[in-house]
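Enquirer: If you scroll down you'll find the structure; I have some questions about it.
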Amino acid sequence: MSETKDIITMAHGSGGQASHELMSRVFGKYFHNEILDALEDAAVLDMEAGKLAYSTDSFVVTPLFFKGGNIGKLCIAGTVNDLLMMGAEPKYLTCGFIIEEGFPIEDLDRIAATMAEEAAKAGVLIAAGDTKVVDGQGGLYINTSGIGIIPEGRAARAANMKKGDKIILSGNLGDHQACIYSARMGIENEIQSDCGVLKDITDALYGAGITPHTMRDVTRGGLGTILNELCKAAGCGMRIEESQIPVDDKVAGLAGILGLDPLYMANEGKMIAVVAEEDADKALEAMRQTEHGKNAAVIGTVTEDANVQLVTGLGGVRVLDVLYGEGLPRIC
Ligand code: MG
């Protein structure tokens, strides 16, 4: 019988024997669980009634492997983090792979192994999947969708922000974009992507008895853009202290050379939590106990203004707007 070749061929997307071989050789090896192993047309999920969070995202990052992660880590973290930001406990993911002919199976194996590892960390099961092969130049794209259950009493929504609430940022800005830029431009440095699942932070907050009014992961468009999105949705403003925003020296150095502003640089393992003023100290303390939140800082306050104002390092005040123009394409 034909042995599965070491690169992906059109046959792997045929639904026939090569597809089955790929399933058992790669995906079955890492993703197997009771639901997938049933080999049905759709996953049958046991869920308690109540509020669900449901999200989807597609990942087209290049390069596929970078310092601190790969597209597999990114696709699990990205979807899981979106569920976590709604106060949900992530439960199930689906994964759709679009693979270009010629893609090395060894790389697919490494990516699937990482996905399984991240899914386990996040406590989610991969409940359904799909693989398509298209002609091309050996590229890979992944779509992940996820479902989580929102426990009673949690309501992290933009609309719940109130004047006086404190805005806590979980850590240094710009690491992911700086890492991807460096890889693309062949710049040698130690900068690692921050890509990761933020469940340690949300668990720490809820565990400390804090109910954040709003949470949001700080991804494409950077902090400046997501703060504006939140304020627009909630009809409020914010006052942010630039001096309180943590940025790693290496990232600040690279950003300076390239003319980038860390406030608009993409992250894949950072979030903000907006909490009641009286909860801010406790929330900060809880976040700082976690791996992903060890550099957390209170960076500002919710106001009744109509915009996001930045108190600069020099004490001036300017309006912090959304990112205009094009950020770096294919960053996530
Ligand atoms: Mg998000």
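Enquirer: Based on this model, can you work out whether Asp82 counts as assigned to a helix (DSSP H, G or I), of a type outside the set (Gly, Ala, Ser), farther than 18 Å from Asn267 by Cβ and open to solvent by 10 Å² or more (accessible area, probe 1.4 Å)?
Expert: no
Enquirer: Kindly evaluate Ala113 against the criterion of being farther than 24 Å from His20 by Cβ, surrounded by fewer than 18 Cβ atoms within 10 Å (Cβ to Cβ) and out of contact with any Lys or Arg (no Cβ under 6 Å at 6 or more places or on another chain).
Expert: It is false that Ala113 is farther than 24 Å from His20 by Cβ, surrounded by fewer than 18 Cβ atoms within 10 Å (Cβ to Cβ) and out of contact with any Lys or Arg (no Cβ under 6 Å at 6 or more places or on another chain).
Enquirer: How many residues are assigned to a loop (DSSP other than H, G, I, E, B) and open to solvent by 20 Å² or more (accessible area, probe 1.4 Å) if we restrict to the stretch 212-229?
Expert: Counting residues in the stretch 212-229 that are assigned to a loop (DSSP other than H, G, I, E, B) and open to solvent by 20 Å² or more (accessible area, probe 1.4 Å) gives 3.
Enquirer: Ok, one more. Can we say Val26 is out of contact with any strand residue (DSSP E or B) (no Cβ under 8 Å at 6 or more places or on another chain), buried (at least 19 other Cβ atoms within 10 Å of the Cβ), modelled with pLDDT of 90 or more and not in a helix (DSSP H, G or I)?
Expert: Here the answer is no, as Val26 does not meet what is asked.
Enquirer: While we're looking at this one, here's another question. Pairs please, first residue from the stretch 312-332 and touching a residue at least 60 places away in the same chain (Cβ under 8 Å) and open to solvent by less than 60 Å² (accessible area, probe 1.4 Å), second anywhere and hydrophobic (A, V, I, L, M, F, W, C) and part of a strand (DSSP E or B), Cβ atoms under 8 Å, 6+ apart in sequence or on different chains.
Expert: Final answer for the pair search is Leu320/Ile240; Leu320/Val308; Leu320/Leu310; Cys332/Phe59.
Enquirer: Inside the stretch 38-70, can you point out the residues that are more than 30 Å from Arg184 (Cβ to Cβ), open to solvent by less than 80 Å² (accessible area, probe 1.4 Å) and more than 16 Å from the ligand (Cβ to nearest atom)?
Expert: Answer for the stretch 38-70, where residues must be more than 30 Å from Arg184 (Cβ to Cβ), open to solvent by less than 80 Å² (accessible area, probe 1.4 Å) and more than 16 Å from the ligand (Cβ to nearest atom): Ala38, Ala42, Ala43, Leu45, Met47, Gly50.
Enquirer: Oh, and also: Here are some conditions: (1) more than 16 Å from the ligand (Cβ to nearest atom); (2) in a helix (DSSP H, G or I). Gly209 meets all but one. Which one does it not meet?
Expert: Of (1) more than 16 Å from the ligand (Cβ to nearest atom); (2) in a helix (DSSP H, G or I), only one is false for Gly209: (2).
Enquirer: Could you please find all residues in the stretch 34-62 being out of contact with any Ser or Thr (no Cβ under 8 Å at 6 or more places or on another chain), part of a loop (DSSP other than H, G, I, E, B) and farther than 22 Å from Arg154 by Cα?
Expert: Ala38, Leu39, Glu40, Asp41, Ala42, Val44, Leu45, Val60, Val61, Thr62
Enquirer: Being more than 24 Å from Tyr264 (Cα to Cα) and away from the ligand (no atom under 16 Å from the Cβ) is the requirement here; does Glu188 meet it?
Expert: When the stated conditions are applied, Glu188 does not pass them.
Enquirer: Yes or no: the stretch 278-291 includes at least one residue that is within 24 Å of the chain's Cα centre (by Cα), open to solvent by 20 Å² or more (accessible area, probe 1.4 Å) and more than 27 Å from Tyr206 (Cα to Cα).
Expert: No; the residues of the stretch 278-291 include none that is within 24 Å of the chain's Cα centre (by Cα), open to solvent by 20 Å² or more (accessible area, probe 1.4 Å) and more than 27 Å from Tyr206 (Cα to Cα).
Enquirer: Take Tyr181 and decide whether it is of a type in the set (Ser, Thr, Tyr), in a strand (DSSP E or B) and open to solvent by 30 Å² or more (accessible area, probe 1.4 Å).
Expert: Criteria not met by Tyr181.
Enquirer: Restricting the stretch 85-98 to residues that are within 14 Å of the chain's Cα centre (by Cα) and surrounded by fewer than 24 Cβ atoms within 10 Å (Cβ to Cβ), which is nearest to the ligand (Cβ to nearest atom)?
Expert: The extreme case among them is Met85.
Enquirer: Answer yes or no: is there a residue in the stretch 246-260 that is open to solvent by less than 10 Å² (accessible area, probe 1.4 Å) and either within 16 Å of the ligand (Cβ to nearest atom) or touching a Leu at 6+ places or on another chain (Cβ under 6 Å) (or both).
Expert: No, the stretch 246-260 has no match at all.
Enquirer: With out of contact with any strand residue (DSSP E or B) (no Cβ under 6 Å at 6 or more places or on another chain) and either free of Cβ contacts under 8 Å to residues at least 40 places away in the same chain or surrounded by 22 or more Cβ atoms within 10 Å (Cβ to Cβ) (or both) as the only criterion, which of Gly148, Gly174 stands out?
Expert: None of the other options fit; the residue is Gly174.
The values are calculated or read from the model by the stated rules, or taken from the named source; none is laboratory data. In this text the structure is predicted, and so the values were computed from the model without any measurement. Quick reminder, even Gly has a Cβ in these numbers, built from the backbone with ideal geometry, and neighbours come from all protein chains shown. Each accessible area value is taken on the protein alone, full model and side chains, heavy atoms only, with ligands, DNA and RNA left out. Shrake-Rupley method; radii C 1.70, N 1.55, O 1.52, S 1.80 Å.
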